[in-house]
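Throughout, read-outs are computed from the coordinates displayed, never taken from laboratory work. These figures come from a predicted structure and were not determined experimentally. Don't worry about glycine lacking a Cβ; one is built from the backbone with ideal geometry, like all the others, and counts go over all protein chains shown.
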Ligand SMILES: [Zn+2]
C-alpha cells in the first residue's frame, strides 16, 4: 500500500530506508517522495516509480532509520545565540580559579564592554560549599560590573561594581518575586535570585547583519542534530524582525514558534499572530509566564519543605491571582498560555489557574501548557488529561541532576512524584520534549541525548547502575513521539508536521543506527547523517 497526495513527478525520493513515520495508521515504510516543501508519498520502494522522473534526485538510504525532524519544544535558542557573541561560557567549570581565569581572559579581550557577562555557570556542580561571593570576582575585576548567570538563568553571581550599578545596598528591599542574598549585616553578598537580576542588561547590541550570520551558523549546528523546528522563549523585537526576514527569504533553516511574554500584554501578540497566521516557518501561538524558580536554588515552589537546608518551600515569582487574571485575558483572545512551574505547589496552582480559566471563558481546544513539571503530586498528575493541559518536559533535567541535588532537595517518598513521564503518558497526557537549551547541563541541544535520558533515566556515566524510579522510563517510540508529533501538537501544528505522511511538511532526519532496535547505550553513539528541512537537504554527514 502506498499513501500519496498527487501523482506528479517529484524532486526528491528517499529509498531503501527504515522509515518510522510516527503515524499510528501507517507506522513503517521504506521510501518517501518529496515535492517542493511537502511530502507527497510514503510507502514501499516499489511504490515510488510514478514519482521518479528525469529531474528527480533519488537517495539510497542503505537501510537507515528516517524520522520526522526533531522539534525542540522549549529553548532559549535566540538568547543563547546572542550570548555566544557577547558573553563567556562557564560550561563544565567547577572551580573558582577557573571562573576567575575565564573572567580575566574575557575582560582583557573586551576592553570597552560596559558589563562583563558570563553564562552557563553550574552552581550545583561548583566545587564550593554554599554560594560564592562578590569578593571572589572583585579580585579579578573591580572597575566594571560583572554578572555571571547560573546555567538555568534563575540565579546570578555579581561583583561589587554590579551591585553599585544596580543600586543594591543594605537598605534596598528585595524586589517582588526575587531575593538579594545578604550576609548577617544585611549587606548583599553578590548572589541575586529570580527577579532580583532582572535589571541587568541582557541583549547585546549586534547589527542585523552580524546577528543573521551568527544565527545561520547556530542553526546549521542544530540542523546537524536533526532539529528542524523549535520553540523559543522571548526575543527583542529587532532580533525577531531579522529572523522573520530570513524566514521570508528562505535563509532560516529552522521553523521557530516564538513565545511572547504574558506580562507584556496582548496588543503586540495580536499583531504578530495576525501577521504570521498562515506562515509555517514562524508561529505566534503562546504567551509565557513564570510562576516559580528552580530546584537547584531552592526557589521552586513546593507543597512541603525541601528535604535539605535551607528551611522553606521556595516562593512564587508572581501571585497566582495575578497570573490568573492575565491568563483569563489571554485565553479569551484565543492565545495559548505557557506557565513555568517546577515545584509541586507551582504545578498545583497552575492547574488551578487553567481550570478557572476554562470556567470563566468556557472550554475550548486551548492546549495551555506547563513548562518543566519537575515535581507533581499524583493527585495533580491526573488533572493534566482532565483539563487538556500539555506537559512540556526536559528529560535531562532529571538525569543530569539526580545526584547533584534532586535526591537531597526532594527526599523520599516525594521522589516518585518527580519527572513522572510514564505516569503522565499512561494517563493520556500530551507530553512534549525539549532541551531548555542552554539551561541544561549538556554541551549541545542534542535530541538523542534527551531520548537516551527518557529511555534509561540515567546518564552515560551511571548507565548500568541502579536507576532512580525506573518505572517512569519511556519506550524509544514514545520518546521519539514526544520529540516530534507531540511537540507539533503543543504548537497546534500536528496537522502540518511531526509525522511522515503525505501533505505534511518535508522535515526529516536520517540516523546512523536504528535507535528503535539497538540497545539503549548505542543511542548515544548514534549520529544524524542527513537532515532535510522544507524539502531541501540542509545537512549531510561527510
Ligand atoms: Zn526555559
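Taking 0.36 nm per residue of sequence separation and removing the Cα-Cα distance, the residue 101/residue 263 pair yields an extension gain of 54.5 nm.
Each 20 Å bin from zero up to the one holding the largest Cα-Cα distance in the chain carries the following percent of pairs: 22, 55, 22, 2, 0. Under the criterion of Cα pairs below 8 Å and six or more residues apart, the relative contact order for the chain equals 17 percent. Rounded to the nearest 10 degrees, the inclination of helix 237-249 to the longest alpha-carbon principal axis of the chain is 10 degrees.
Label-to-label distance, residue 52 versus residue 172, with points set 7 angstrom from Cα along the beta-carbon direction: 6.9 nm. Residue exposure proxy: 42, 429, ordered by other Cβ atoms within 10 angstrom of their Cβ from fewest to most, comes out as 429, 42. Of all DSSP bridge pairs formed entirely within the stretch 98-190, close to 50 percent run antiparallel. Can you tell me how the stretch 19-171 classifies by the Cα gyration tensor, rounded, prolate or oblate, using a/c under 1.5 as the rounded cut? Since a/c reaches 1.5 and a/b is larger than b/c, the shape of the stretch 19-171 is classed as prolate.
Protection proxy ranking of 482-490, 140-148, by the mean of other Cβ atoms within 10 Å over each peptide's residues and highest first, is 482-490, 140-148. Which angle between 0 and 90 degrees, to the nearest 10, do you get for helix 344-361 versus the longest principal axis of the chain when only C-alpha atoms count? Approximately 60 degrees, to the nearest 10.
Peptides 166-175, 22-31 ranked from most to least packed by the mean count of surrounding Cβ atoms within 10 Å: 22-31, 166-175. With both residues required to sit in the chain, DSSP beta bridges show an antiparallel share near 45%.
Peptide packing for 336-347, 357-368, 404-415 was compared via the average number of neighbouring C-beta atoms within 10 Å per residue; ordered from the highest value, the list is 336-347, 404-415, 357-368. For the stretch 3-63, just say rounded, prolate or oblate: build the C-alpha gyration tensor, square-root its eigenvalues into a ≥ b ≥ c, call rounded for a/c under 1.5, and beyond that prolate if a/b exceeds b/c, oblate if not. The shape class here is oblate. Calculated FRET efficiency, residue 308 and residue 62, Cβ-Cβ r, R0 51 Å, to nearest 0.05? Efficiency, rounded to the nearest 0.05: 0.50. The long axis of helix 320-332 is offset from the longest Cα principal axis of the chain by roughly 30 degrees.
Between residue 537 and residue 220, the simple spin-label model (points 7 angstrom out along Cα→Cβ) gives 1.7 nm.
Rounded, prolate or oblate: which one fits the stretch 412-542, using the alpha carbon gyration tensor with axes a ≥ b ≥ c (rounded when a/c is under 1.5, else prolate when a/b beats b/c, else oblate)? It comes out oblate by the Cα gyration axes.
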